[in-house]
Every structure is written in C-alpha cells, then in structure tokens.
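Working notes, beginning with the structure itself.
The values are calculated or read from the model by the stated rules, or taken from the named source; none is laboratory data. On a predicted model such as this, the values are computed, not experimentally measured, just so you know. Neighbour counts run over all protein chains shown; Cβ positions are idealised from the backbone, glycine included. With ligands, DNA and RNA removed, areas are computed over all heavy atoms of the protein, side chains included. Shrake-Rupley method; radii C 1.70, N 1.55, O 1.52, S 1.80 Å.
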Amino acid sequence: MKNSLLIKTWLLIIVLLMIGCSHEQDSKESRLSLMKTTQPAPVKIREQQNRSISKQVKNEVLQNEAIYDAAVIEGDKKVLVAYKVKHFYRFKMKKIEKNLQKQLNHQFPNKKFIVSSDYKIFLESVRLKEAITDQTISQKEAKKRFNEIIKLTDEIT
C-alpha cells in the first residue's frame, strides 16, 4: 500500500514537472540560436516610417572578424545590437564591445546604441523578432519588451 502511494506521488511530480517545463514554446530559430549561426533579420519597432538603418547596422557589425552572428532591433531612438563572438576572440569581448560601440556611434550619430555580447540578450532579441514577424505581439507590447531587454542589458553590465 505504501509503495503504491509512493509510486503515484512520484508519477504526479514527474507529470507536473513535464507540464511546467513545456509552457514555453519557442520556435526552432530561437531554440537553435545559441548553438549555431541564425542570422536573424533586423527588426524595426518604430512609429515613424522613415528610413531604417537596421540593415546597415547589421552589415557593419558582421564586418568585424570576431563576430559571427548578430541580432539588431531598431526602436525610435535606440538600437539594440546583440551579437555572438567567435570562440577564439572570447578573451577580447570587452574590447570588441567598446570598439563596436564607438564605431556605431561614429557612423550613426543620431541613434543611441545598446551593444551586448550576452547570450540571454541575443536570445531575447531573437524571440522578440519572431513575435513581431509572426504578428503575435502588438506594437505596444513589442516596444514594452524592447525596453525590458534594454533594462536587462543594464542589469547584466
């Protein structure tokens, strides 16, 4: 009797854990984004429909030999650039970030750049891009998530 109750309890715990862990349904791109190069398309979260610089920014970032993948999200005044560094250059990450920030600020003086090599920021950027592309998120919610990601970059650094 005790054994059967113990088995049922363990089965219930396992089922609850499986249900709890499966709530977050990421797309294939976001699941694989940390393991391989995904090259997500730049995204624009802006009210104004004037010229976007996000594609130019992504091209500039990928010109750096140390960077192999980048996600760019352009807001009204801020541009989030999350990138992944080749393994060989991991010891120079702070220098790469500083130089990239300086280069982008020089080339695009009208924008404020938030630059991060953190994987969490990259993953959240890819998720936001997917939500915008799939139209599962409103413009207002997208701006809110964009600002949350920017706040997260401040917490991490």
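Some points to look at:
- Counting the residues of segment 75-126 that are open to solvent by less than 40 Å² (accessible area, probe 1.4 Å) and hydroxyl-bearing (Ser, Thr, Tyr) gives 4.
- Qualifying positions in segment 107-146 - among the polar types (S, T, N, Q) and free of Cβ contacts under 8 Å to residues at least 40 places away in the same chain: 110, 117, 135, 136, 138
- Considering segment 130-157, and only residues there that are open to solvent by 20 Å² or more (accessible area, probe 1.4 Å) and closer than 27 Å to residue 95 by Cα, the residue that is modelled with the lowest pLDDT turns out to be 157.
- Failed item, numbered, when residue 68 is tested on (1) closer than 16 Å to residue 58 by Cα; (2) modelled with pLDDT under 95; (3) part of a helix (DSSP H, G or I): (3)
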